[in-house]
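The values are calculated or read from the model by the stated rules, or taken from the named source; none is laboratory data. Everything numeric in this text was worked out from a predicted model, so none of it was measured. Glycine gets a Cβ as well: all are built from the backbone with ideal geometry, and neighbour counts include every protein chain shown.
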Amino acid sequence: MFAASQVQAQTTPGHEAWLHQYNAAIKQAKAEHKPILMVFAGSDWCKPCILLNKEVWNTDTFTKYAKDNLVLLELDFPRFKKHQLPAEQVKHNEQLAERYNTEGLFPLVVLVDEDGKVISKTGYKTGGPEAYVQHLNKLLHH
């Protein structure tokens, strides 16, 4: 019961579709034959991360696009104690950062295929959800 409430607490607002476990994302990506959008975010300290969340992730436009085209994986790195993730989740996120975010960029959006191979990397961009969806499509279909 406690673990479930911890997982729920870290879910991006309005996006129940966001996963927080890499293996679950890979499994879903293979089952649905979709790429994974993996986002490395600092939800309580990184201003561009917060803007990306507000301007893109938390919009109907992106939600509809993602539902049909992507598996979503959020990897949060909060700094404030009140937002602290369970130790197991922190370790999981750090291991993925060592593999996919060696530069330590925030936000970093990594598009990977169902085998975990990097397709492309990007970050925050202005222009709203429609422009971001177009940007993602270009990266996925280059």
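Among the residues in segment 92-109, are any assigned to a strand (DSSP E or B), within 14 Å of the chain's Cα centre (by Cα) and closer than 19 Å to residue 28 by Cβ?
Yes.
Residue check: is residue 100 buried (at least 16 other Cβ atoms within 10 Å of the Cβ) and farther than 20 Å from residue 54 by Cα?
Criteria met by residue 100.
Only one of 62, 80 is hydrophobic (A, V, I, L, M, F, W, C) and touching a helix residue (DSSP H, G or I) at 6+ places or on another chain (Cβ under 7 Å); which?
It is 62.
Can you tell me which residue in segment 66-84 is farthest from residue 48 (Cα to Cα), limited to those that are surrounded by fewer than 20 Cβ atoms within 10 Å (Cβ to Cβ) and touching an Asp or Glu at 6+ places or on another chain (Cβ under 9 Å)?
My answer is 82.
What tally of residues in segment 116-136 results from selecting those that are free of Cβ contacts under 8 Å to residues at least 12 places away in the same chain, over 15 Å from residue 57 (Cβ atoms) and touching a helix residue (DSSP H, G or I) at 6+ places or on another chain (Cβ under 8 Å)?
0
Going by the conditions given, is residue 25 out of contact with any helix residue (DSSP H, G or I) (no Cβ under 9 Å at 6 or more places or on another chain) and buried (at least 22 other Cβ atoms within 10 Å of the Cβ)?
In short, yes.
Which of (1) surrounded by fewer than 21 Cβ atoms within 10 Å (Cβ to Cβ); (2) over 16 Å from residue 20 (Cα atoms) is the odd one out, the single condition residue 62 does not satisfy?
Here residue 62 clears every test but (1).
Restricting to helices (runs of 4 or more DSSP H) lying wholly in segment 1-91: which have 3 or more residues that are farther than 24 Å from residue 113 by Cβ and at pLDDT 95 or above?
Answer list for segment 1-91: 47-52.
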